Amino acid sequence: MAKGTTRSAALVPLAVLGVMLVAGCSSSDRGPGCVFEAQARPVLEGIGLKASWDPKLAIDTAGTLYLFTVYSQNSKSRLGLVMSHDGGDTLLPSIVPISGADVSIGSHGEQSPSVAMTRGGIYALWQQASEDGSEKIMCARSPSWGENFEKPVQVSDASAPSYRGFPSIGVAPNGEVYAVWLDERNNSKPDEETSSVFLAKSTDGGATFGPNVRVAGQACPCCRPSLAFGAHGEVFVAWRRVFPGEIRDLVVAKSHDGGRTFAEPVRVHDDGWRLKGCPDCGATLSEWKSVLFIAWMTEGTDERPRIRLARSIGGASSFSSPIDVSRDILDPNHPVMQTAEDGTVWLVFQGRAPSSNGKWSKTQAYVVRIVPGGTPSLPMPVPGSENSIAYPTIGLGSGGRIFLAWTQPQGDHPVIMLSRGRTGS
């Protein structure tokens, strides 16, 4: 079926506003100006999926809502797609399988599948167990816009058993498909506590992938790396690096030759976060008109979790002073950015409402809006349910429509919840 230009899929490098975030600016004292449904809905049980988790969202220009989900079938964890043609009121009655029926994919925390949508179709990337007990990175594409997916192809090329995971996928302006992930093939000792960032590229629309390229070592072993692309062929990769003394801060490296080589990584900000162990929280990265944006979580030197937002106008040679966009929200984590056609940036993350009596509130989704030329709004809580949520994601439609999805427990199993909102004037 013919489709027009798509809106961006979550976790894919996105076009982002580039005329704000000057060093030292402060957040707005107003909310993001949107209204959500009073109650989120478990949308997949109606098509026979009892357990579902780790959603991703995308919306095309025809208004079709694409909900990617991990689900359980015959004791296997599989990746699939469900679509809605009425804005999420109803879903098509059957799930379109993406991963193979005889294998289980890996999906937990930030180690979950990644998706991308372009004019050429849909791409999905995930981790999958090998027969020898190690992991490999797999990719599948759908030129038919979700009617079916072609047989998955292997992206990682190492033959020796080792850990590989936390994949991200993106499509450059020239149509080349890129995948990045964390890989331990170069670790010299089994108990080594860092990973390497690896990259592979497809020049034939995801049908095959070329040789794997080692971008860098000393990567935090469970913080997902991210991708973005510049207007002049640049490839940007961001990851959390382990500096001497167990300091875990974000860095960005740039390639000018299609991912074959990378310059030395640049530290985004000296947060000085000392942690002996991986926090399981990567960054979200995007580029627009030679302005590169990055959002991430850190606890800094004062052990106060916060979501930060910064930019670079020098091709990742340096970054502005960051803004703490989570404000006074407790335990903020796992940011995801999306950009509307008018240049408005939307950021979603999970966190807890501040409490004056010492009680722990439930984890819920929060949204922040940054209009062109403006500063970040106050974070707004999204109505959910009585249970805590995890790993929210966002998709933007036309006419100010906003879709959020997340995982939360329901009885003895996880379910995906969907919430719909609209922007105000």
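Using θ = phi - 60° and the Karplus relation 6.51 cos²θ - 1.76 cosθ + 1.60, list the HN-Hα couplings for segment 386-398 in order, rounded to whole Hz, with x at every Gly or Pro.
Couplings: 6, 9, 6, 10, 8, 6, x, 9, 9, x, 10, x, 7 Hz.
For the chain, with a Gaussian network of springs between Cα atoms less than 10 Å apart, report the residue from Ala253, Ala38, Ala200 with the top mean-square fluctuation.
Result: Ala38 has the largest fluctuation of those listed.
Please work out how much accessible surface Leu285 shows to a 1.4 Å probe, ignoring ligands, DNA and RNA, in Å² rounded to 10.
Here the accessible area works out near 10 Å².
Residues with beta-carbon under 9 Å from that of Glu184, excluding Glu184: net charge, scoring Lys, Arg +1 and Asp, Glu -1?
Result for the neighbourhood of Glu184: 0.
Counting only heavy atoms of protein chains, what accessible area per residue, in Å², does the chain have with a probe of 1.4 Å?
39
Given a Förster distance of 35 angstrom, what is the FRET efficiency for Arg260 paired with Ser321, based on the Cβ-Cβ distance and rounded to 0.05?
So, using R0 = 35 Å, E works out to roughly 0.60.
Can you pull the accessible area of Ser290 for me, 1.4 Å probe, Å² to the nearest 10?
Approximately 60 Å² of Ser290 is accessible to the 1.4 Å probe.
For Ala116, what charge total do you get from the other residues with a beta carbon under 11 Å from its beta carbon, if Lys and Arg give +1 and Asp and Glu give -1?
Residues close to Ala116 contribute a combined charge of +2.
Please list His232, His334, His85 in order of solvent-accessible area, largest first, computed with a 1.4 Å probe with all protein chains present.
His232, His85, His334
Evaluate E = 1/(1 + (r/R0)^6) for Lys362 and Glu341, where r is the Cβ-Cβ distance and R0 equals 25 Å; express this FRET efficiency to the nearest 0.05.
0.15
How much net charge surrounds Asn212 when only the other residues with a Cβ under 12 Å from the Cβ of Asn212 are counted, with Lys and Arg +1 and Asp and Glu -1?
Overall, the nearby charge balance is +4.
Could you work out the relative contact order of the chain, using alpha carbon pairs under 8 angstrom and six or more residues apart, expressed as a whole percent?
RCO, the chain: 19 percent.
Relative to a virtual label point 7 Å from the Cα of Ser94 in the Cα→beta-carbon direction, which members of segment 141-176 show backbone nitrogen distances below 18 Å?
So the set is 142-151.
Straight-line reach only, C-alpha to C-alpha below 15 angstrom: list the aspartates and glutamates that Lys276 could link to, leaving out same-chain residues fewer than 8 apart.
Within the straight-line limit of under 15 Å, Lys276 reaches these aspartates and glutamates: Asp191, Glu192, Glu193, Glu246, Asp249, Glu299, Glu303.
So, in nm, how far is label Ser72 from label Ala158 when the simple model puts each one 7 Å beyond its Cα toward the Cβ?
Placing both labels 7 Å along Cα→Cβ, they lie 3.1 nm apart.
Once phi is turned into θ = phi - 60°, what whole-Hz ³J(HN,Hα) does the Karplus curve with 6.51, -1.76 and 1.60 give for every residue of segment 71-85, x standing for Gly and Pro?
9, 9, 8, 6, 6, 10, 8, 10, 9, x, 10, 10, 10, 9, 9
Check Glu135: other-chain or 5+ apart residues with amide H under 5 Å from its amide H, H built from backbone geometry?
Distant-sequence amide H within range of Glu135: Ser130, Ser162, Arg164.
Excluding residues fewer than 8 places away in the same chain, name every one of the lysines whose C-alpha is closer than 24 Å to that of Lys289.
Lys201, Lys254
Multiplying the sequence separation of Arg267 and Leu330 by 0.36 nm and subtracting their Cα-Cα distance, what value in nm do you get?
Going from the current span to full extension adds 20.1 nm.
Counting only protein heavy atoms, what percent of the accessible surface of segment 110-167 is carbon or sulfur at a 1.4 Å probe?
45
So who's got an amide H within less than 5 Å of the one on Val268, skipping anything under 5 residues away but keeping other chains? H placed 1.01 Å off N, in plane.
Hits under the 5 Å cutoff: Leu250, Val251, Val252.
Using a 1.4 Å probe and counting only protein heavy atoms, arrange Glu184, Glu287, Glu131 so the residue with the most accessible area comes first.
In descending accessible area the options line up as Glu131, Glu184, Glu287.
Put Ser159, Ser114 in order of accessible area, largest first, 1.4 Å probe: what do you get?
Ser159, Ser114
How much accessible surface does Thr284 have with a 1.4 Å probe, in Å² rounded to 10?
Answer for Thr284: close to 20 Å² accessible.
The values are calculated or read from the model by the stated rules, or taken from the named source; none is laboratory data. The shown structure was predicted, so the numbers you read here are calculated from the model rather than taken from an experiment. Counting neighbours? That spans all protein chains shown, and the Cβs are built from the backbone with ideal geometry, glycine included. The area values use the complete protein model at the heavy-atom level, side chains included, leaving out ligands, DNA and RNA. Shrake-Rupley method; radii C 1.70, N 1.55, O 1.52, S 1.80 Å.
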